[in-house]
Every structure is written in C-alpha cells, then in structure tokens.
Amino acid sequence: MTGAELSGVPETALWTLRNRAEEALRDDSDFTDKEAIRLYKALAGEDFERFGPPSQIHALRAMVIDEIVAQYLATHPAGPVVALGEGLQTTYWRLGEPEAAWFSLDLPDMVEAQQRLLPAAPGITRLPYSVLDRSWFDRVPSGPAVITAEGLFMYLPPAEIPGLIADLAAHFPGGILLYDSVPRFFSALAMRGRIRLSDNYTAPPMPTSQSPRQARRLPARIPGVIAARDLIPPPGRGPWASPLRRRTVNLPIIRSIRPSLTLLHFAA
Ligand SMILES: C[S@@+](CC[C@H](N)C(=O)[O-])C[C@H]1O[C@@H](n2cnc3c(N)ncnc32)[C@H](O)[C@@H]1O
C-alpha cells in the first residue's frame with residue numbers, strides 16, 4: 001500500500017504521520033499511537049526517507065492538543081470535535097474512539113486517502129472541503145466546539161487567517177480553537193524553498209507565521225476572540241528535555257524564533 005497519490009501540501013501529512021509513528025515506536029518516548037504505527041507500517045511502499053531524519057516535534061504537538069481535547073470532552077462528552085486539515089491524524093483512536101460527534105475536514109484528495117487508509121469510523125463525518133470555502137459550515141451544527149488545526153494555518157494565505165478565525169468564533173460561540181504556527185524566519189525560508197528535509201524533498205511554501213506575542217494580541221484584533229494562551233509542549237526526550245531549553249523557552253529572543261501552539265477561547 002502506498003500514499004503516493006498525495007502531492008503538494010497534502011503530501012506533508014505523510015511527513016507528520018511518519019514523525020508521530022517513529023516517536024510512538026521508541027521505547028524511550030511517552031507518546032503512544034498504535035493506529036499511526038499500523039498505518040505507517042502498512043504504507044511500506046512509501047518513500048518516507050525523503051522526509052529526512054524523524055523529529056519528535058509533531059508527537060509533542062499532538063500530546064498537547066490531545067490533552068486539551070480530552071479535557072474538553074470530559075465536560076462536553078457530545079463534542080463536537082472539529083478537526084481542520086486533519087490529514088492522516090489518528091487522534092480519534094489515541095483518545096479511545098470517543099462518543100463525541102467528530103467532524104474531520106480536509107481537501108478532497110486527502111479525504112479520499114483517509115477513506116482508503118484509515119479504519120472505518122462511523123463516529124467521524126468526513127468533510128471534503130477547503131477550510132477557506134465556508135460552505136462547510138452548513139455541515140456542522142453551530143454552537144460550542146473544540147476545533148483543532150494541526151499543521152494547517154502556516155500553509156494558508158496570511159490575509160485569510162483573521163477572517164477565518166472570526167468566522168469560526170461566530171459559528172462556534174463558546175468554543176475553543178487550537179492551532180500551531182511557525183516563526184517568521186521559518187516561513188521566509190519555506191517561501192524560498194529552503195526547508196529541504198532531504199535531497200528528495202523540500203517542504204512546500206508556508207506563507208503564514210505567528211509569534212506568541214502576535215497570538216496574545218488576537219483578542220483585541222479579532223471579533224469573537226476573548227482569550228489567547230500560548231501552550232508549551234511537554235519536554236520530550238534527549239536534548240529537547242534539557243532544563244536549559246525549558247528555562248529559556250519564554251525568553252523574548254526564543255519566543256520570536258520558536259514554533260508556537262495557541263489556544264483561543266471564543267465568546268459565548
Ligand atoms: C502538514 S499536513 C498536517 C496534517 C495533520 N493535521 C497532521 O498534523 O498530521 C497539512 C494538512 O492540511 C491540509 N490542507 C491544506 N490546505 C488546506 C485547506 N485549504 N483546507 C483544508 N485542509 C487543507 C492538507 O491536505 C494536509 O492534510
């Protein structure tokens with residue numbers, strides 16, 4: 001089985017899947033993800049080497065988001081969970097196939113791949129839309145929800161982001177949104193085709209960046225956003241877990257060059 005039908009930004013979902021599966025396969029990692037490992041092994045025909053050496057970054061991102069989604073579901077067991085640009089995420093299985101309504105949105109080619117590669121899950125409604133095409137809102141009930149966008153916003157045009165967040169806040173009042181961002185220098189490198197993971201793979205352009213400081217200003221700038229929090233992933237292992245790294249993560253210089261994870265709260 002291969003995932004080879006994917007190209008452009010959808011192909012990056014194979015990169016993040018590989019990183020989560022490799023992390024879950026390690027004995028010295030706290031990250032577990034049986035379904036990602038199953039899928040990774042099943043895609044034996046895929047050239048995952050093109051994504052260079054594995055990184056724990058996508059597993060650590062997933063661990064933070066899992067925790068917030070699980071907390072949300074503890075008080076809102078019916079959900080809904082709205083996973084934007086969900087790609088080949090296996091969050092639903094990591095969280096134990098929750099009873100909640102689960103809406104998974106991605107581009108049509110990716111939804112076709114999800115249907116081919118992931119286990120059937122009657123609890124998941126798959127929505128083959130661009131997140132920028134607001135007609136998908138007609139398919140998801142309005143009201144509080146936990147919305148995730150893992151590895152998505154950096155690939156969208158920056159001018160679209162404030163309007164998208166405002167529309168999410170209007171459709172999901174009382175809800176929360178979790179998303180990650182790359183720093184400005186990284187976006188600039190990606191725009192010049194300089195994020196080369198190997199001789200055979202260059203990451204696609206990432207036109208949107210956001211620093212923790214910019215995230216903090218969102219409640220004043222975007223209607224319907226009432227609070228913004230910068231989330232710090234767990235330490236991870238090896239050099240990532242160094243106490244020095246933990247101590248410096250919020251120094252101004254480090255905050256301007258590190259990737260960030262943002263939790264927004266929407267007005268009820
Ligand atoms: C880096 S991958 C991340 C996939 C998954 N969220 C993860 O963390 O493994 C980016 C994902 O965003 C999706 N995507 C890109 N542009 C999109 C758009 N305009 N609307 C919806 N999904 C989009 C891609 O198809 C892909 O699945």
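Screening residue 154 against (1) out of contact with any Leu (no Cβ under 6 Å at 6 or more places or on another chain); (2) in a loop (DSSP other than H, G, I, E, B); (3) near the ligand (Cβ under 9 Å from one of its atoms) leaves a single unmet condition, (2).
Taking only segment 139-149 into account, find how many residues are out of contact with any helix residue (DSSP H, G or I) (no Cβ under 8 Å at 6 or more places or on another chain) and within 16 Å of the ligand (Cβ to nearest atom).
As a first pass, look at segment 139-149 and keep what is out of contact with any helix residue (DSSP H, G or I) (no Cβ under 8 Å at 6 or more places or on another chain): 139, 141, 143-145, 149.
Remaining after also requiring within 16 Å of the ligand (Cβ to nearest atom): 139, 149.
Adding up the residues that qualify gives 2.
For segment 207-220, does any single residue satisfy the condition of being surrounded by 12 or more Cβ atoms within 10 Å (Cβ to Cβ), under 18 Å from residue 161 (Cβ atoms) and of a type in the set (A, V, I, L, M, F, W, C)? Yes: segment 207-220 contains one or more residues that are surrounded by 12 or more Cβ atoms within 10 Å (Cβ to Cβ), under 18 Å from residue 161 (Cβ atoms) and of a type in the set (A, V, I, L, M, F, W, C).
Within segment 228-238, restricting attention to residues that are of a type in the set (A, V, I, L, M, F, W, C) and touching a helix residue (DSSP H, G or I) at 6+ places or on another chain (Cβ under 6 Å), which residue is surrounded by the most Cβ atoms within 10 Å (Cβ to Cβ)?
Filtering segment 228-238 down to residues of a type in the set (A, V, I, L, M, F, W, C) leaves 228, 231-232.
Going one step further and asking which of them are touching a helix residue (DSSP H, G or I) at 6+ places or on another chain (Cβ under 6 Å), we end up with 228, 231.
Values: 228: 20, 231: 17.
Per the criteria, the residue is 228.
Any residue at all in segment 134-146 that's within 29 Å of residue 49 (Cβ to Cβ), aliphatic (A, V, I, L, M) and assigned to a loop (DSSP other than H, G, I, E, B)? Taking every residue of segment 134-146 in turn, none turns out to be within 29 Å of residue 49 (Cβ to Cβ), aliphatic (A, V, I, L, M) and assigned to a loop (DSSP other than H, G, I, E, B).
Within segment 93-133, how many residues turn out to be β-branched (Val, Ile, Thr) and in a loop (DSSP other than H, G, I, E, B)?
Within segment 93-133, the subset β-branched (Val, Ile, Thr) is 111, 124-125, 131.
Going one step further and asking which of them are in a loop (DSSP other than H, G, I, E, B), we end up with 131.
Number of matching residues: 1.
What are the residues in segment 12-34 that are of a type outside the set (Ser, Thr, Tyr) and touching a Pro at 6+ places or on another chain (Cβ under 8 Å), if any?
Going through segment 12-34, the residues of a type outside the set (Ser, Thr, Tyr) turn out to be 13-15, 17-28, 30-31, 33-34.
Across segment 12-34, the qualifying residues are 18, 19, 22, 23, 30.
Within segment 165-178, the presence of a residue that is buried (at least 16 other Cβ atoms within 10 Å of the Cβ) and within 30 Å of residue 47 (Cα to Cα) is excluded.
Quick note: the coordinates plus some simple rules give every number you see, no bench work behind them. This structure is a prediction, so every number in the text was calculated from the model and none was measured. Glycine also receives a Cβ, built like all others from the backbone with ideal geometry; neighbour counts cover every protein chain displayed.
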